Amino acid sequence: MTDTQLAFPIDDINQQAVSLFSAGQFAEALSMVMPLLEADALPDDARADALNIAGACAFALQRPAAAEEHWRRCLRIKPGYAEVYGTLGMLLKSLGRLSAAKAMYRQLVALQPGHADARNHLGAVLHGLGYREEAEASYREALALRPDYVEAHYNRGIVLHELGRLHEAEAAFRRALPGLQDRAELHNNLGNVLMELGRLAEADDAYREALKIRPQYPEALNNLGGVLKATFRLAEAELAFRLAIAIRADYPQAHLNLGTVLADLERLPEAEAAYREAIAQRPDYAEAHYNLGAALGKLERLFEAETAYREAIRLRPDLARAHNNLGCVLRRLDRLPAAVAAFEQALSVCPDLAEAHYNLGAALAQLTQLPEAESAYRRALALRADYGDAKFGLAVLLLGMGRFEEGWRLYECRYEHPGFVHHASASMLGCPRWQGAPLAGQSLLVWQEDGLGDMIQFSRYFALLKAQGASHIAFACAPSLHRLMARVDGVDAVFDHDTARANARAYDCWTSLLSAPLHLRTRVDTIPRAVRLTAEPGLVEQWRPLLDALPPGRRIGLVWKGNPNHHNDANRSIPSLAVLAPLWSVPGVSFVSLQKGRGEDEAANPPAGQPLLDLGSRVTDFADSAAIIAQLDLVIAVDTSTVHLAASLGKPCWVMLPEKDIDWRWLHERNDSAWYPHTLRLFRRAPVEDWSMPVERVRQACVQRFAAAGRALT
């Protein structure tokens with residue numbers, strides 16, 4: 001068909017097709033222009049218009065391939081047809097062919113430099129391709145052409161947020177608000193920026209505004225939950241996450257966030273279930289595996305926690321926290337070299353992760369790699385000067401190495417650590433803490449914050465504090481210490497904690513016994529002599545008949561378990577009395593149980609062949625224990641308060657120490673004690689040994705000491 005054979009003029013046909021298209025009659029419009037596409041001798045402009053109309057109709061009829069073909073033919077005929085670059089760019093963008101769409105929009109911008117829409121669309125395509133800086137520049141160019149272009153402001157805000165330019169992102173979103181007030185996504189995105197800026201109340205308002213516009217908006221509910229969690233409104237946060245999940249059950253991020261709230265609420269089995277649901281929906285969700293590991297660790301399911309952390313690391317090798325937490329689990333599993341490797345891997349990913357430096361230091365200290373542990377602690381503190389755990393860890397390490405000057409100073413950080421009981425002392429007591437100022441004429445309240453053994457060990461400082469001129473020294477301590485400490489030189493009064501706290505304002509200042517070495521400048525070579533405790537004669541006589549009923553020979557007191565609440569009890573307590581059975585082969589000795597608390601049941605019913613006088617379960621306080629120990633020849637014990645009591649009574653005492661986490665007071669690689677040089681002997685358990693080995697060394701020492709039946713102990 002030629003143009004002369006057409007029923008109507010070409011321009012009229014195109015115009016009628018446009019009218020049909022505008023009326024939504026896409027098929028009819030397409031049918032009208034199709035004859036023009038192949039007509040002979042048709043002017044290029046008319047054919048290009050017809051192809052443009054055909055492309056638009058095909059696109060509307062969801063025939064993208066045909067639409068693209070028509071538009072590309074149009075551009076071959078008329079390369080300067082600006083409108084078609086825009087529509088073809090839109091088609092290609094909808095098909096996900098962003099690079100091709102980018103070429104179309106760039107051509108449109110070249111043809112029409114003042115076309116703000118073209119620059120906005122180009123920005124969207126560049127953003128989709130990951131070219132954020134270029135996208136932001138394109139949006140900015142659109143806004144230079146049209147400052148009130150709210151869509152460009154909104155789109156630019158999204159890119160600025162991703163670029164971390166939060167204040168600019170906020171400004172862009174707020175510029176978009178007047179024209180997009182009813183767009184829920186805008187309020188949600190503004191809330192995200194405000195959340196990252198730490199302006200939580202404003203973020204809360206923004207998310208709630210989004211939910212007013214669209215109540216069934218799971219992303220906004222999830223984000224609102226994040227604000228509520230950050231402001232410790234955990235019950236409301238839980239509800240927000242559950243509502244998000246109710247709207248969209250397959251929302252792994254909301255399941256993950258629900259789990260974090262449940263974990264904060266200590267509902268760990270529910271948290272575990274939430275994390276597992278997030279993983280079921282998204283198996284490659286590294287953060288969910290990481291959080292699952294944290295929950296399992298708190299549930300003491302350490303092997304499962306290890307598996308979860310390793311899966312998180314497999315999915316995201318750059319997740320430094322997962323390496324760090326894996327190391328913590330391995331350390332709890334006593335796999336110290338593997339723990340060290342995990343902490344080092346965390347630091348290879350994130351060299352500035354202070355927690356990993358601290359944890360590395362703790363593991364190296366357990367491995368007695370002391371210089372390396374010190375370096376790790378110091379790196380943690382270089383990164384975070386107020387890192388209480390690292391400061392305390394370094395303090396304990398230095399004290400154990402005999403470097404008292406810096407160690408005592410750092411040890412005072414226990415008052416800065418919210419997790420330590422010491423932190424509450426200052427707020428409980430109504431008088432200033434003594435910082436080493438002259439004590440002449442001052443009344444001093446000494447406050448027990450540490451263990452019973454610590455109080456006995458450091459009671460040597462009472463006389464020294466008195467010598468500083470203190471007019472009156474009162475000691476607030478556990479009732480089990482009262483009768484014993486009332487006889488200590490330098491102590492004027494002994495109270496329980498409640499009584500002392502009620503009267504604290506009557507004192508000029510207060511201190512802890514474990515602060516005295518700092519203020520009195522104690523070094524290893526200037527450790528004061530241990531206080532020489534004495535047993536009350538009346539109590540000695542009270543206990544004498546029970547002890548005299550033993551067969552003739554030497555009497556040895558035993559303690560094989562410590563305080564179960566001590567952080568290292570699992571290492572320093574002997575599993576059962578039966579482990580000490582070899583000691584009963586020593587001739588001419590009888591054994592007396594000084595065991596209190598856990599282990600008393602064993603003392604009451606000792607294993608066959610291990611006759612034992614059970615006195616520990618009968619004592620009421622340390623004064624009773626002192627009266628019994630005064631009538632013994634030797635005390636053999638694990639690291640407990642009884643050790644300090646026996647040594648301070650001047651009684652020979654042999655201490656069996658664990659293979660790791662040995663308390664700092666015993667220093668390193670010594671078989672005597674700088675604190676009790678004449679009375680105490682240490683039997684250290686080597687890393688490759690079980691308890692039977694130090695027990696055997698103790699047995700041999702007993703045989704040597706008691707070889708001559710009448711020889712006195714020295």
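Here, each number is a calculation from the coordinates, and none is a lab measurement. The structure presented is a predicted model; accordingly, all values stated were derived computationally and were not measured. Positions of Cβ are backbone-derived with ideal geometry, glycine not excepted, and every protein chain shown enters the neighbour counts.
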*Compute the acute angle (0 to 90°) between the alpha-carbon long axis of helix 320-332 and the principal axis of greatest extent of the alpha-carbon atoms of the chain; round to the nearest 10°.*
30
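Past the 32 Å Cα-Cα mark, which pairs from 596/660; 229/561; 229/391; 93/229; 102/229; 298/391?
229/561; 93/229; 102/229
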*Against the longest alpha carbon principal axis of the chain, how many degrees, from 0 to 90 and to the nearest 10, is the axis of helix 370-383 turned?*
50
*Once you mark the GluC sites (Glu not before Pro) that are in a DSSP loop and have at most 15 other Cβ atoms within 10 Å, what is the longest gap between them in the chain?*
417-668
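Among 138, 641, 471, 425, what is the fewest-to-most ranking by other Cβ atoms within 10 Å?
Details: 138 28, 641 23, 471 13, 425 19.
Final ranking by Cβ density, sparse to dense: 471, 425, 641, 138.
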*In deg cm²/dmol, rounded to 500, what helix-only [θ] at 222 nm does the chain give when every DSSP H run of at least 4 residues adds -39500 (n - 2.57) and the total is split over its residues?*
-17000 deg cm²/dmol
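What FRET efficiency comes out for residue 669 versus residue 284 if R0 is 41 angstrom and r is the Cβ-Cβ distance? Round to the nearest 0.05.
On the way: r = 50 Å, r/R0 = 1.21.
With a Förster radius of 41 Å, E is 0.25.
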*Working from Cα positions, state the angle (0 to 90°, nearest 10) between the long axis of helix 692-705 and the longest principal axis of the chain.*
20
*For labels at residue 608 and residue 110 in the simple 7 Å Cα→Cβ model, what's the distance in nm?*
10.1
_Is there a quick way to get the dipole size of the chain? I mean about its Cα centre, with the Cβ of Lys and Arg at +1 and of Asp and Glu at -1; what is the value in debye to the nearest 20?_
2540
*asked:* So if I place +1 on the C-beta of Lys and Arg and -1 on the C-beta of Asp and Glu, and nothing else carries charge, what would the dipole magnitude of the range 537-705 be about its Cα centre? I want it in debye, nearest 20.
replied: 360
*asked:* Counting only other residues whose beta carbon sits under 10 Å from that of residue 150, what net charge do I get with K and R as +1, D and E as -1?
replied: +1
*Label-point separation (nm) for residue 618 and residue 45, each offset 7 Å from Cα along Cα-to-Cβ?*
12.2
*Please arrange 104, 195 by counting, for each residue, the other beta carbons lying within 10 Å of its beta carbon, fewest first.*
195, 104
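Return the FRET efficiency for the residue pair residue 478, residue 541: r is the Cβ-Cβ distance, R0 is 22 Å, and the value is rounded to the nearest 0.05. Present the calculation step by step, with values, prior to reporting the outcome.
Values: r = 26 Å, r/R0 = 1.16.
Once rounded, the FRET efficiency stands at 0.30.
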_Run the simple label-point estimate for residue 28 and residue 90 please: 7 Å along Cα→C-beta, distance reported in nm._
2.2
*Step through the residues of the range 25-34 one at a time and calculate ³J(HN,Hα) from phi using the Karplus curve (6.51 cos²θ - 1.76 cosθ + 1.60, θ = phi - 60°), rounding each to whole Hz and writing x for Gly and Pro.*
8, 5, 5, 5, 5, 5, 4, 5, 8, 4
